[in-house]
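Below is one structure, written out as structure tokens; comments come after it.
The values are calculated or read from the model by the stated rules, or taken from the named source; none is laboratory data. All values reported here derive from a predicted model rather than from experimental measurement. Cβ atoms come from the backbone with ideal geometry, glycine included; neighbour counts cover every protein chain shown. Surface accessibility is based on the protein's heavy atoms, side chains included, excluding ligands, DNA and RNA. Shrake-Rupley method; radii C 1.70, N 1.55, O 1.52, S 1.80 Å.
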Amino acid sequence: HYCRATTKRQYLDVSLSVPKMYKLYVEKMLADSLPFVKEWKYNQIFTHEYNLGFHKPKGDSCDKCAEFKAIPSNMRTPEQIAANKKHEDGKEAVRTQRHEDVAITDPKTLVVSFDLENVFALPRTTVSSAFYKCKLNVYNLTAVVNRTKEPFCAVWTETTAGRSGNDLASAIIHLLDAITSRHSDINTLILWSDSCVPQNRNQILSYALQLFIETNESIQKIVHRYCEPGHSSIQDVDTLHSNIEGAIKGLEIFSPLTLIRLLTKLNPAGKEMYVRMLKPDDFKDYKSLAHCGQYDKVGYASVSELTYSASDVRTLRVRRCMSKSEAQSFTVLKPVY
């Protein structure tokens, strides 16, 4: 997301280590009757000639906060101080709004958080011959209903789709269909996600949500709120990801079907998990249709909140900062006669 977006460092399977790789290397050289270098030389080459690691960073760090802290206090310009204050104010405003949403008791309103989990590279196994084989990437979009703590998972492989904005929009709509079918009495959805522009904060998802609210008779309003960049406020989804990683840690997983079976057996917070393997037909072409709209004037990079209304599906209400009540309205779709 944030700290890994600016680095070219790559990560090997966590079950590997340099000594283990050296052992496999020696076995391979002996089997092929070839000479091999000493372990210290192997370690030196690996350390100095390859930008590789074994453990991904446990958490994303905020670039803005890290950059500001790196500047000595006596060298900070007024512009930098003002920008940092705006960032801090935005973080607090998001936190306050999140607490207010969590406390909502209206039975007609549902708060849903969603996020894409780290990629599963399958197979996961300790068989040495599989370490250097090409892995199959499996994606898992998760969502949690705040009121009931119900977990939802939409799973697909890279052979079906990727993780572009169109792919994420299709998976999100699939989960919203599943959630609203279980909670048919609601009329308002409040969505929370991170602020990743290519995946969650773009015209493709906007068009998909506008189409969703137009075709779903019960939903009258959707409010999509974004976390401050670099600061996650969707701890319920983070907890679900942690539960999933803890449950499959150390297990051998050879195929997506095995992963699906493991996920369906999980009961985080005592709730049965909804798990579906998405098929090619589940992925719609929202991107091409969104290009027909006038979304350029929205300015998604600075959006903090988007509101969709069934009374006027052509219009988006946009807020740039959650600490301010002012909202702008943009007509992004042409009327149909």
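Residues checked against (1) touching a helix residue (DSSP H, G or I) at 6+ places or on another chain (Cβ under 6 Å); (2) assigned to a loop (DSSP other than H, G, I, E, B):
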residue: Arg201; (1), (2): yes, yes
residue: Thr239; (1), (2): no, no
residue: Leu262; (1), (2): yes, no
residue: Arg276; (1), (2): no, no
residue: Lys287; (1), (2): yes, no
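Glu305 satisfies every condition listed in (1) in contact (Cβ under 8 Å) with a residue 12 or more places away in the chain; (2) out of contact with any strand residue (DSSP E or B) (no Cβ under 8 Å at 6 or more places or on another chain); (3) of a type in the set (Asp, Glu) except (2). Kindly indicate whether any position in the stretch 317-330 is loosely packed, with under 13 Cβ neighbours inside 10 Å and touching a Ser or Thr at 6+ places or on another chain (Cβ under 7 Å). Within the stretch 317-330 (the criterion being loosely packed, with under 13 Cβ neighbours inside 10 Å and touching a Ser or Thr at 6+ places or on another chain (Cβ under 7 Å)), the answer is yes, since at least one residue qualifies.
Out of the residues in the stretch 107-141 that are of a type in the set (A, V, I, L, M) and part of a loop (DSSP other than H, G, I, E, B), state the one that is least open to solvent (accessible area, probe 1.4 Å).
Residues of the stretch 107-141 that are of a type in the set (A, V, I, L, M), as a first pass: 110-112, 116, 119, 121-122, 127, 130, 136, 138, 141.
Remaining after also requiring part of a loop (DSSP other than H, G, I, E, B): 119, 127.
Details: Val119: 41, Val127: 72 Å².
Taking the candidates together, the pick is Val119.
Checked against the criteria, Ala154 does not count as open to solvent by less than 20 Å² (accessible area, probe 1.4 Å), touching a Ser or Thr at 6+ places or on another chain (Cβ under 9 Å), under 23 Å from Ile260 (Cβ atoms) and part of a loop (DSSP other than H, G, I, E, B).
The residues in the stretch 212-221 that are within 22 Å of the chain's Cα centre (by Cα) and touching a residue at least 40 places away in the same chain (Cβ under 8 Å) can be counted, and the count is 0. When each of Leu251, Leu257 is tested for being open to solvent by 50 Å² or more (accessible area, probe 1.4 Å), under 30 Å from Ser128 (Cβ atoms), aliphatic (A, V, I, L, M) and not in a helix (DSSP H, G or I), the lone residue that passes is Leu251. Taken across the stretch 205-221, residues that are within 21 Å of Glu117 (Cα to Cα) and among the hydroxyl-bearing types (Ser, Thr, Tyr) do not occur at all. Residues that are free of Cβ contacts under 8 Å to residues at least 60 places away in the same chain, more than 30 Å from Thr239 (Cα to Cα) and out of contact with any Lys or Arg (no Cβ under 8 Å at 6 or more places or on another chain) do occur in the stretch 53-71, at least one of them.
From Ser181, Ser206, Ser164, grab the single residue that is among the hydroxyl-bearing types (Ser, Thr, Tyr), open to solvent by less than 10 Å² (accessible area, probe 1.4 Å) and more than 20 Å from Thr239 (Cα to Cα). Give the steps one after another, and end with the answer.
Details: Ser181 fails: open to solvent by less than 10 Å² (accessible area, probe 1.4 Å); Ser164 fails: open to solvent by less than 10 Å² (accessible area, probe 1.4 Å).
So the residue among Ser181, Ser206, Ser164 that is among the hydroxyl-bearing types (Ser, Thr, Tyr), open to solvent by less than 10 Å² (accessible area, probe 1.4 Å) and more than 20 Å from Thr239 (Cα to Cα) is Ser206.
Checking Ile81, Ile104 one by one, the residue that is in a loop (DSSP other than H, G, I, E, B) and of a type in the set (A, V, I, L, M, F, W, C) is Ile104 and no other.
From the list Lys86, Lys149, Lys91, which residue is more than 20 Å from the chain's Cα centre (by Cα), basic (Lys, Arg) and either open to solvent by 20 Å² or more (accessible area, probe 1.4 Å) or farther than 30 Å from Tyr25 by Cβ (or both)? Steps first, answer last, please.
Working: Lys149 fails: more than 20 Å from the chain's Cα centre (by Cα); Lys91 fails: more than 20 Å from the chain's Cα centre (by Cα).
Lys86 is the lone residue from the list that is more than 20 Å from the chain's Cα centre (by Cα), basic (Lys, Arg) and either open to solvent by 20 Å² or more (accessible area, probe 1.4 Å) or farther than 30 Å from Tyr25 by Cβ (or both).
Just so you know, in the stretch 303-314 the residues that are under 20 Å from Val197 (Cβ atoms) and either among the hydroxyl-bearing types (Ser, Thr, Tyr) or touching a Pro at 6+ places or on another chain (Cβ under 9 Å) (or both) include one that is surrounded by the fewest Cβ atoms within 10 Å (Cβ to Cβ), and it is Thr307. For the stretch 303-320, a residue qualifies if it is in a loop (DSSP other than H, G, I, E, B), polar (S, T, N, Q) and more than 21 Å from the chain's Cα centre (by Cα), and exactly one does: Ser311.
Counting residues in the stretch 284-302 that are of a type in the set (D, E, K, R), under 21 Å from the mean Cα position of the chain (by Cα) and open to solvent by less than 80 Å² (accessible area, probe 1.4 Å) gives zero. Just to be sure, is Ile219 assigned to a loop (DSSP other than H, G, I, E, B) and either open to solvent by 10 Å² or more (accessible area, probe 1.4 Å) or over 30 Å from Ala66 (Cβ atoms) (or both)? Answer is yes for this residue. Looking only at the stretch 113-134, residues that are under 14 Å from the mean Cα position of the chain (by Cα) and either among the aliphatic types (A, V, I, L, M) or farther than 21 Å from Ala247 by Cβ (or both) come to 2 in all.
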